[in-house]
Each structure stands twice: as C-alpha cells, then as structure tokens.
Amino acid sequence: MNGKEIELKFGVIGVCTNLRKILQSIGKVENEHVDNLTNIYFDTNKRDFYEMQAGLRIRKANEYTEQTLKIRGSNIAGVHVRNEYNVRIDDNAKKPDLSLFPLDAFPDGTDIAQLQKKLRKDCELDFTRHSYDFRYGEALFEVSYDRGGILYEGGKYPINELEVELKEASLSEEELLDAFLNLVKALDEKGVAMTLEPFSKMHKAAVLLRNERNMIRLPDSGPHNVSDFLIGLIIMFEKMIGLLMVKQNPAVLGYISYTLKAINKALKELKRELKMAFPSEQIKPLLKEIKDLRAILMRKYMHALEGEFLNVAFAIDEHEIASTVEVLRAKIGKTKLYMLPLRIRVLLNKIAAAYEK
C-alpha cells in the first residue's frame, strides 16, 4: 500500500515501436504488459491537495481500479522520489475514499471527513502503457512507454513519454544514479529518441489547469559551494523546460539560456577547484566529463532559437509557437542536452566521493 517511488522520466520524440527489442538487446525482459489507463485526478474547490503538494487520483486499468495518493518529494536530474499510497477499490467507484489511506499520509490536524465531502473531479488522462519488467545490471526496473493525452477544459495535451521506475535493487545512491545513467545511455545508443520531460503527468495537469506554478524562482545568489549551486541550477533548468513544454511561453527561454550559461561557468569553476585539490592524473576521468559537459553547453542552438521565439511571441501565433517548441524538443534530444542534469548529478556524487577518500 505504501511505498517510495523512484523513477526517471523522459519525453519521446516520434513513436517508439520497438522498445521490447531494444530492451532485450541490452538486458533481460521478464514480463510485458499493455494497459489502457484512465487517470482521474481530484481536488477541492479550495485546492486543498494542491496546497498540500499532493496528488489524488483514481486509476482504471484493464484488470483493476485503484486510488492513489502521491506526496510530493524531490525531483533532481529527472529522478523523481516521493511517497505513494495505493489502494485497490471497486471498479464503479466515482471518488477516492480518503479513509482508506493511513492517517499519517495527511498533514497533522487534517479533517479527512470534511475533505472527503469537498472532493471533485479535476481532470482526466487517457493513455496506453506498454510496460516491461527489465533486469539491467544488478537492478530490476519497470520500463513504461506511455502515449495518450491530458483532457481538460482547454483541450487535449499530448502524453508521449518513457518512465524507468526502480523496482528492486540493493544499491547506494551513487550506484543507483550510475545505473540510471548507464541505462539511459544504452537506450540512446540503440536509437530511442528521447528529450527532457521533467514534469509528472499530475504536474502537467496542474500547470494546464492553473497558473500558480508559473512562478520563476532564481537560485540563491548568496555564498555557497559550487556543487550546491549546480544542483540549484539543475532544478531551475528542469522547471523552466517543463514550463516551456507545457505552457509554451516564449519568455521562459530567456531564463533557460541564463541557466545554461550559469551551469557552464559553474562547471568551469568546479574544474579549477578540482585541479587545486587533486593531481590531474588522479581526477582525469572527472576532468574529461566536465570538458564533455561544457562542450554540450557551448552549442549555439539555444541562442539561435531565442530570436525565433521572440518573433513568434510578437506574432501571437499559437500554432507557430507550438511548432517551435517541437523544434526545441528535437534539438534537446539531438544534442543530448536531455542527459545533462543526470550526468551533472552523477559527476557531483563522484567528486564528493573523491573528497571523502
């Protein structure tokens, strides 16, 4: 009923029709499932669950119906970690029954009975999920390919994404991040066209339905170490990409450009600090990774797109904006920029381990 969900999410460019064959070429596929899923999200008129930073849904699948409460956790470098409560319910249930969740899933003092009375449907997601139990190295993952849409008052927003969820492993955080990164690299080498998709389905729905999450917060500019600053920049970069993809607001691109430049300078400073602390031969692989990451960041396509987005913004042409966003998604995939957050997080873990030795 209660578990910690650890998963990695990426968008998919085009249609991934040969995922099983690709997975079999790099690991062991143990099971395959195809489900037609409907997720119905609920909240109250006062947005109580939104304020709790929680998501409440009923999921209807081919063979079961369940209600789920997800409590917001962390999302850094595409790795989502959060508490999740799942309860099987009757197929004809119209609303979740909050009394079926444990009391400690809610903030202290929550009047669950009153909250139950105020529940209403927020939005609906319909998608087809192709999922596989997949053994890769020392870990068991569930790899899922979801394709469908979010249905809301403004229309339909497409879902086309790949999720990699950890199911079983005895790995440290560093080993787990390495496993995620190696798997993503293997999928990329086998031709899976991926791009950044930092927001969960629930988060996308919230952005589409409301405007509160459009707030842009820059990282703290006070004194801190380079590693912490880089983590803050990664978080900001992913939030801005998520907003750009969902809201298609051209103004966000300026913040993305700023963030990428700041990441590049921070990596340069990190390289300087490493050279001062260690002999170059000892940290040669780390220096090479920094060089490779900075090479990705030096690409000029972002700056070229800024002008294109401004022209589109002044024209107020939604179709042209949508087309430009798709161009951006494709270039993020082509330049491997979608791997940047995860690679930086893996790098920082390795640097921390070097200092501890």
For this session: State the number of residues belonging to the stretch 225-245 that are touching a residue at least 40 places away in the same chain (Cβ under 8 Å) and either open to solvent by 10 Å² or more (accessible area, probe 1.4 Å) or over 18 Å from the mean Cα position of the chain (by Cα) (or both).
Result: 5
Exercise. Any residue in the stretch 300-307 that is among the aromatic types (Phe, Trp, Tyr) and either surrounded by fewer than 15 Cβ atoms within 10 Å (Cβ to Cβ) or at pLDDT below 85 (or both)?
Worked result: yes
Seminar exercise, completed: Scanning the stretch 123-152 for residues that are within 28 Å of Thr44 (Cβ to Cβ) and of a type in the set (A, V, I, L, M), the one most open to solvent (accessible area, probe 1.4 Å) turns out to be Leu151
Exercise. How about the stretch 320-347: which of its residues are at pLDDT below 75 and open to solvent by 30 Å² or more (accessible area, probe 1.4 Å)?
Worked result: Glu320
For this session: Among the residues of the stretch 246-281, count how many are touching a residue at least 24 places away in the same chain (Cβ under 8 Å) and not in a helix (DSSP H, G or I).
Result: 5
Exercise. Regarding Leu270, is this residue out of contact with any Cys (no Cβ under 8 Å at 6 or more places or on another chain), farther than 17 Å from Tyr338 by Cβ, buried (at least 17 other Cβ atoms within 10 Å of the Cβ) and modelled with pLDDT of 90 or more?
Worked result: yes
Exercise. Can you name the strands (runs of 3 or more DSSP E) wholly within the stretch 115-214 that have at least 3 residues being under 29 Å from Leu56 (Cβ atoms) and either in contact with a Phe, Trp or Tyr (Cβ under 7 Å, 6 or more places away or on another chain) or without any contact (Cβ under 8 Å) to a residue 12 or more places away in the chain (or both)?
Worked result: 120-136, 139-152, 155-168
For this session: Confirm whether Thr17 is out of contact with any His (no Cβ under 6 Å at 6 or more places or on another chain) and exposed (fewer than 13 other Cβ atoms within 10 Å of the Cβ).
Result: yes
Exercise. Would you pick out the residues in the stretch 1-59 that are polar (S, T, N, Q) and more than 15 Å from Leu183 (Cβ to Cβ)?
Worked result: Asn2, Thr17, Asn18, Asn31, Asn36, Thr38, Asn39, Thr44, Asn45, Gln53
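The values are calculated or read from the model by the stated rules, or taken from the named source; none is laboratory data. Quick caveat: nothing in here was measured; it's all calculated off a predicted structure. Positions of Cβ are backbone-derived with ideal geometry, glycine not excepted, and every protein chain shown enters the neighbour counts. With ligands, DNA and RNA removed, areas are computed over all heavy atoms of the protein, side chains included. Shrake-Rupley method; radii C 1.70, N 1.55, O 1.52, S 1.80 Å.
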